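Beneath this line is the structure, given in structure tokens, with notes to follow.
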Amino acid sequence: MHKKVLLILSGWAVDSFVWTGLVNKLAKIFKIYIISWNDVLTMDCFKNKVINIIKQNNIGSFSIIGWSLGSLVSIDIACSHLKKQIEGMILVSPTKKFIQQDLSSKYFGCTEDILKNMILSLKENPKRTINSFYKKLFSLDEIKKGFYGSFIRENHHNNLGSKNKAKKNEALILGLEYLLHKNTCEYINTINIPTMIIHGVDDRICPVEYGRDVDNHLKHSIFKEFSQTGHMPFFTYSDDFLRIVTNFFKGD
């Protein structure tokens, strides 16, 4: 049986192992490409990497799961010449613009100064900066349940013997620069693709209000909240996430 194609556009600083549980189950119905950003060289590389994978593998129609930084890239792809090839799109913990400027709102999230300081910190002490970010991926409830500890153990195991740390760090810095400058506000409302938005209510990276805001700008979207959940619902509540994703792609 011919499998449909699913592109998973991952987030910042997190390796592909976080998708293993989901991919193993979705692989029965999809040919899956996980796209990460540890080799990007310029700001254009994020979008172009996806386009090149589609070209190199002669991919016709496809679906997308875009998480966090990957949601911004997904929005760009959904507004590109490839938009007619997209059958469906799921945006996880998304934002139309990571840096929020309306500081009158208590949900302003990450400011420009915070992200610039993070870039400086990443240059001076990469390990400390990344570890601080990793803990914020999880809600306080998820940390109590052991998800953070499990993530750290798996991350350590998958990074044993990893090489080119300097090159990877350069890509991480570029990823933060991308988040600093990327703004899809002017064209996100042109998307005309069936879309599901999944967001954790206790997300400490991208507040859930970001996801609701994206939902308000899309013509054909469904919004799903995960209670007591942080930035990675596909990792911490993989069974519930799988059920929702499968039903969406089936059209149920």
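The numbers here are math on the coordinates, done by the rules we state, and not lab data. These numbers come from a predicted model, not from an experiment. No Cβ is skipped: glycine too gets one built from the backbone with ideal geometry, and neighbour counts run over all protein chains shown.
List of remarks:
- Low-density loop cleavage sites - trypsin sites (Lys or Arg not before Pro) in segment 1-110, where at most 12 other Cβ are within 10 Å (DSSP): LYS3, LYS28, LYS106
- Only Lys, Arg (+1) and Asp, Glu (-1) charged, at Cβ; segment 4-250 dipole about Cα centre in debye: 680
- Dipole magnitude of segment 22-134 about its Cα centre (Cβ charges: Lys, Arg +1; Asp, Glu -1), debye to nearest 20: 340
- Structure remark: mean-square fluctuation, Gaussian network model of the chain, C-alpha springs under 10 Å; the largest value among VAL214, VAL14, VAL201 belongs to VAL14.
- Length available on full extension from GLU112 to LYS25: 0.36 nm per residue minus the Cα-Cα distance, which gives 27.5 nm.
- For segment 227-248 and segment 178-195, distance of Cα centres in Å: 23
- Of LYS83/LYS219; LYS224/LYS250; LYS83/LYS250; LYS28/LYS145; LYS31/LYS136; LYS116/LYS136, those spanning more than 23 Å from alpha-carbon to alpha-carbon: LYS28/LYS145; LYS31/LYS136
- Of the GluC sites (Glu not before Pro) found in segment 135-235, those in coil by DSSP whose Cβ has at most 14 other Cβ atoms within 10 Å are GLU186.
- Whether the chain is rounded, prolate or oblate, judged on the alpha carbon gyration tensor where a/c under 1.5 counts as rounded: rounded
- Of the two radii for segment 170-252, the radius of gyration is 1.00 times the Kirkwood radius, both from the alpha carbons; that is the Rg over Rh value.
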